Amino acid sequence: MDQPEKFPNSEHSEASFAEQVQKLHRLTVYGRWLFVACLWFTIAPISIWDLREEIALWRQYFTWVAVRYGLFYHPFATLGLAFCIGMTVAVLVWQSRNIVFGLTPQHKQRLEKQVFKIRQQGSSHPLWKWICQ
(Lines give C-alpha, C1' and ligand atoms only; values in the text may rest on other atoms or scores of the structure.)
Protein backbone atom coordinates (compact mmCIF):
# COMPACT_ATOMS: atom_id res chain seq x y z
CA MET A 1 0.00 0.00 0.00
CA ASP A 2 1.46 3.33 -1.06
CA GLN A 3 1.85 5.98 1.58
CA PRO A 4 0.91 9.59 0.85
CA GLU A 5 3.82 11.82 -0.06
CA LYS A 6 5.64 13.37 2.87
CA PHE A 7 6.90 16.87 2.24
CA PRO A 8 9.57 18.42 4.42
CA ASN A 9 7.87 21.79 4.05
CA SER A 10 4.48 21.69 5.81
CA GLU A 11 3.20 24.72 3.84
CA HIS A 12 3.66 22.80 0.61
CA SER A 13 1.82 19.84 2.10
CA GLU A 14 -1.09 22.04 3.25
CA ALA A 15 -1.28 23.72 -0.16
CA SER A 16 -1.25 20.31 -1.81
CA PHE A 17 -4.00 19.07 0.55
CA ALA A 18 -6.17 22.13 -0.18
CA GLU A 19 -5.67 21.59 -3.92
CA GLN A 20 -6.71 17.94 -3.54
CA VAL A 21 -9.85 18.98 -1.66
CA GLN A 22 -10.68 21.33 -4.55
CA LYS A 23 -10.11 18.51 -7.05
CA LEU A 24 -12.47 16.25 -5.09
CA HIS A 25 -15.10 18.99 -5.00
CA ARG A 26 -14.70 19.51 -8.75
CA LEU A 27 -15.11 15.75 -9.30
CA THR A 28 -18.26 15.84 -7.15
CA VAL A 29 -19.69 18.63 -9.30
CA TYR A 30 -18.84 16.76 -12.52
CA GLY A 31 -20.33 13.57 -11.10
CA ARG A 32 -23.60 15.28 -10.24
CA TRP A 33 -23.89 16.84 -13.70
CA LEU A 34 -23.02 13.49 -15.30
CA PHE A 35 -25.83 11.88 -13.30
CA VAL A 36 -28.27 14.59 -14.46
CA ALA A 37 -27.14 14.13 -18.08
CA CYS A 38 -27.67 10.37 -17.80
CA LEU A 39 -31.19 11.00 -16.51
CA TRP A 40 -31.97 13.27 -19.45
CA PHE A 41 -30.56 10.73 -21.92
CA THR A 42 -32.34 7.70 -20.44
CA ILE A 43 -35.49 8.53 -18.46
CA ALA A 44 -36.59 11.68 -20.29
CA PRO A 45 -36.79 10.13 -23.79
CA ILE A 46 -38.82 7.19 -22.44
CA SER A 47 -41.17 9.59 -20.67
CA ILE A 48 -41.54 11.80 -23.72
CA TRP A 49 -42.15 8.73 -25.88
CA ASP A 50 -44.99 7.74 -23.57
CA LEU A 51 -46.47 11.21 -24.00
CA ARG A 52 -46.06 11.30 -27.80
CA GLU A 53 -49.81 11.23 -28.55
CA GLU A 54 -50.52 13.99 -26.07
CA ILE A 55 -47.64 16.06 -27.44
CA ALA A 56 -49.16 15.77 -30.91
CA LEU A 57 -52.44 17.01 -29.45
CA TRP A 58 -50.68 19.85 -27.64
CA ARG A 59 -49.05 20.94 -30.89
CA GLN A 60 -52.46 21.22 -32.56
CA TYR A 61 -54.55 22.67 -29.72
CA PHE A 62 -52.43 23.80 -26.81
CA THR A 63 -54.36 24.40 -23.62
CA TRP A 64 -53.32 23.95 -20.02
CA VAL A 65 -56.21 21.56 -19.56
CA ALA A 66 -54.76 19.31 -22.26
CA VAL A 67 -51.36 19.42 -20.55
CA ARG A 68 -52.95 18.58 -17.20
CA TYR A 69 -54.96 15.73 -18.75
CA GLY A 70 -51.90 14.30 -20.51
CA LEU A 71 -49.72 14.42 -17.40
CA PHE A 72 -52.45 13.18 -15.06
CA TYR A 73 -53.27 10.10 -17.14
CA HIS A 74 -49.62 9.18 -17.75
CA PRO A 75 -48.23 9.01 -14.20
CA PHE A 76 -45.00 7.15 -15.02
CA ALA A 77 -44.08 9.63 -17.74
CA THR A 78 -44.95 12.50 -15.43
CA LEU A 79 -42.88 11.00 -12.63
CA GLY A 80 -39.92 10.46 -14.98
CA LEU A 81 -39.98 14.02 -16.27
CA ALA A 82 -40.52 15.41 -12.77
CA PHE A 83 -37.51 13.43 -11.53
CA CYS A 84 -35.32 14.75 -14.36
CA ILE A 85 -36.44 18.33 -13.78
CA GLY A 86 -36.16 18.00 -10.00
CA MET A 87 -32.62 16.63 -10.09
CA THR A 88 -31.55 19.32 -12.54
CA VAL A 89 -32.96 22.07 -10.33
CA ALA A 90 -31.42 20.49 -7.22
CA VAL A 91 -27.95 20.40 -8.77
CA LEU A 92 -28.35 23.96 -10.07
CA VAL A 93 -29.36 25.26 -6.63
CA TRP A 94 -26.58 23.28 -4.89
CA GLN A 95 -23.90 24.52 -7.28
CA SER A 96 -25.21 28.10 -7.24
CA ARG A 97 -25.17 28.12 -3.43
CA ASN A 98 -21.58 26.87 -3.45
CA ILE A 99 -20.55 29.53 -5.95
CA VAL A 100 -22.28 32.41 -4.17
CA PHE A 101 -21.70 31.49 -0.51
CA GLY A 102 -18.81 29.04 -0.74
CA LEU A 103 -18.70 25.54 0.69
CA THR A 104 -20.37 25.00 4.04
CA PRO A 105 -17.98 24.05 6.85
CA GLN A 106 -19.63 20.63 7.15
CA HIS A 107 -19.24 19.92 3.43
CA LYS A 108 -15.64 21.13 3.42
CA GLN A 109 -14.87 18.93 6.45
CA ARG A 110 -16.48 15.94 4.72
CA LEU A 111 -14.35 16.55 1.62
CA GLU A 112 -11.21 16.84 3.77
CA LYS A 113 -12.00 13.51 5.46
CA GLN A 114 -12.49 11.87 2.08
CA VAL A 115 -9.19 13.25 0.77
CA PHE A 116 -7.45 12.05 3.94
CA LYS A 117 -8.89 8.54 3.42
CA ILE A 118 -7.85 8.57 -0.24
CA ARG A 119 -4.30 9.61 0.70
CA GLN A 120 -4.21 6.99 3.46
CA GLN A 121 -5.34 4.15 1.18
CA GLY A 122 -2.91 5.17 -1.53
CA SER A 123 -2.93 4.12 -5.16
CA SER A 124 -5.37 1.28 -4.56
CA HIS A 125 -8.19 3.82 -4.07
CA PRO A 126 -10.24 4.37 -7.27
CA LEU A 127 -9.99 8.18 -6.99
CA TRP A 128 -6.25 8.25 -6.23
CA LYS A 129 -5.14 9.11 -9.76
CA TRP A 130 -7.79 11.84 -10.05
CA ILE A 131 -7.08 13.48 -6.71
CA CYS A 132 -3.45 12.89 -5.72
CA GLN A 133 -1.58 12.94 -9.02
* Structure fact -> Scanning the range 111-122 for residues that are surrounded by 14 or more Cβ atoms within 10 Å (Cβ to Cβ) and of a type outside the set (Asp, Glu), the one farthest from residue 18 (Cα to Cα) turns out to be 121
* Out of all the residues in the range 59-84, which are assigned to a helix (DSSP H, G or I) and either surrounded by 15 or more Cβ atoms within 10 Å (Cβ to Cβ) or among the aliphatic types (A, V, I, L, M) (or both)? -> 65, 66, 67, 70, 71, 77, 78, 79, 80, 81, 82, 84
* Residues of the range 85-112 being among the polar types (S, T, N, Q) and assigned to a helix (DSSP H, G or I), which ones? -> 88, 95, 96, 98, 106, 109
* Which one of 35, 41 is within 18 Å of residue 86 (Cα to Cα) and either hydroxyl-bearing (Ser, Thr, Tyr) or free of Cβ contacts under 8 Å to residues at least 12 places away in the same chain (or both)? -> 41
* Asked: Does residue 100 satisfy being modelled with pLDDT of 95 or more and loosely packed, with under 12 Cβ neighbours inside 10 Å?
  -> yes
* Asked: Residues of the range 124-133 being exposed (fewer than 12 other Cβ atoms within 10 Å of the Cβ) and outside any loop (DSSP other than H, G, I, E, B), which ones?
  -> 124, 129
* Asked: Does residue 78 meet the test of being farther than 30 Å from residue 19 by Cα, in contact (Cβ under 8 Å) with a residue 12 or more places away in the chain and of a type in the set (S, T, N, Q)?
  -> yes
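Yes/no matrix, rows are residues, columns are (1) over 30 Å from residue 132 (Cβ atoms); (2) modelled with pLDDT of 95 or more; (3) not hydroxyl-bearing (Ser, Thr, Tyr):
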| position | (1), (2), (3) |
| --- | --- |
| 22 | no, no, yes |
| 36 | no, yes, yes |
| 75 | yes, yes, yes |
| 83 | yes, yes, yes |
| 104 | no, no, no |
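Quick check on residue 39: is it surrounded by 12 or more Cβ atoms within 10 Å (Cβ to Cβ), part of a helix (DSSP H, G or I) and not β-branched (Val, Ile, Thr)?
Against the criterion (surrounded by 12 or more Cβ atoms within 10 Å (Cβ to Cβ), part of a helix (DSSP H, G or I) and not β-branched (Val, Ile, Thr)), residue 39 qualifies.
The values are calculated or read from the model by the stated rules, or taken from the named source; none is laboratory data. Keep in mind that this is a model prediction, so the values were computed, not measured. Reconstructed Cβ throughout: ideal geometry from the backbone, glycine too, with neighbour counts over all protein chains shown.
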